[in-house]
Amino acid sequence: MQANLLVLGGTTEASALARALATRGVRATFSYAGRVETPRPQPIPHRVGGFGGVAGLARYLVEHNISHVVDATHPFAAQMSWNAHHACRDTGVPLVALTRPPWKAAEGDDWCHVPDVEAAVAALEGEPKTVMLALGRLHMEAFAAQPQHHYVLRLVDAPKTPPALPRYQVVVARGPFNVADDTALFRAHGVELVVCKNAGGAGAEAKLHAARDLGLPVVMIDRPQLPQRDIAESVAAVFDWLDQH
Ligand code: NAP
């Protein structure tokens, strides 16, 4: 049977996989959640929007004769990963996650680990500071509970409605980022503290190097619980997994 992959995307790694699949002529569809206004163009066919939970995804897999699913979503897209786990189990479609190991603190880092966004908000109790929120638009409203801070928001799209934060500045930018630019950004805005998710990978790591170089503390939101599944930590490892399945 000819392979017909579904790639659950939204990450740099997913785009790298799509390029490799196109180069090798492997049949595959790239799936976007539809959160970003102008998603990165892909060299393979794509679809946009939710499937409708586990049942909707299971139906999609059957109706489109999907042979394998690669979950290349962000490590914080836990709902999608659990849905993929259940839908693949229910339909017998093999599943692999293309993911990256979490970042680990190195010498010189000053990280405070928290389990979720609510705990990150609670960790900001105290004196007013300039806080870099590198979290994406979905979570920034929660920080209205700590209105004393000035927030620097790095977002892929400019927000359509102003965030419910008393003092903020939006920086519209799409990764990958580099250390020199992130250091310059933190200096220019007088950033005193960074809040981020432990995404892992190279594309967003620059902010951690910049924080280390400038001696800034980091509130690090640890990863949510994800299902047990086969893991590939590189595009090459996905092809090895495909050979075995
Ligand atoms: P989520 O909470 O895990 O997913 C919520 C719902 O969105 C899912 O149940 C599914 O809807 C739909 N969905 C998510 N990813 C999808 C995909 N690739 N294709 C089709 N539908 C998808 O996800 P999230 O945290 O909102 O993230 C949304 C997307 O942004 C993901 O694709 C992720 O890779 C990307 N992203 C997320 C983060 C982050 O920090 N969370 C960062 C960078 C990029 P149905 O139940 O209707 O199928």
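Structure summary
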{"read-out": "Label-to-label distance, nm, for residues given as A16 and H64 (7 Å Cα→Cβ offset)", "value": "2.3 nm"}
{"read-out": "Residues M220, M80, sorted so that the one with the fewest Cβ neighbours within 10 Å comes first", "value": "M80, M220"}
{"read-out": "Calculated FRET value between S234 and A119, using beta carbons and R₀ = 35 Å, to 0.05", "value": "0.65"}
{"read-out": "Low-density loop positions, GluC sites (Glu not before Pro), the stretch 137-245 - DSSP coil, at most 16 other Cβ in 10 Å", "value": "E233"}
{"read-out": "Prolate/oblate/rounded call for the stretch 111-221, Cα gyration tensor, a/c under 1.5 rounded", "value": "rounded"}
{"read-out": "At 0.692 mPa s and 37 °C, Stokes diffusion of the chain via Kirkwood alpha-carbon radius, µm² per second", "value": "171 µm²/s"}
{"read-out": "Residue exposure sequence - T29, T91 - by fewest surrounding Cβ within 10 Å", "value": "T91, T29"}
{"read-out": "Label-point separation in nm, T130 to E107, each point 7 Å along Cα→Cβ", "value": "3.0 nm"}
{"read-out": "Considering only the stretch 1-149, percent of DSSP beta bridges that pair antiparallel, nearest 5", "value": "0 percent"}
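Readers should treat all values here as calculations from the given coordinates under stated rules, not as data from a laboratory. Everything numeric here is computed off the predicted structure, so don't read it as measured data. Positions of Cβ are generated from backbone atoms using ideal geometry, with glycine treated the same way; all protein chains shown enter the neighbour counts.
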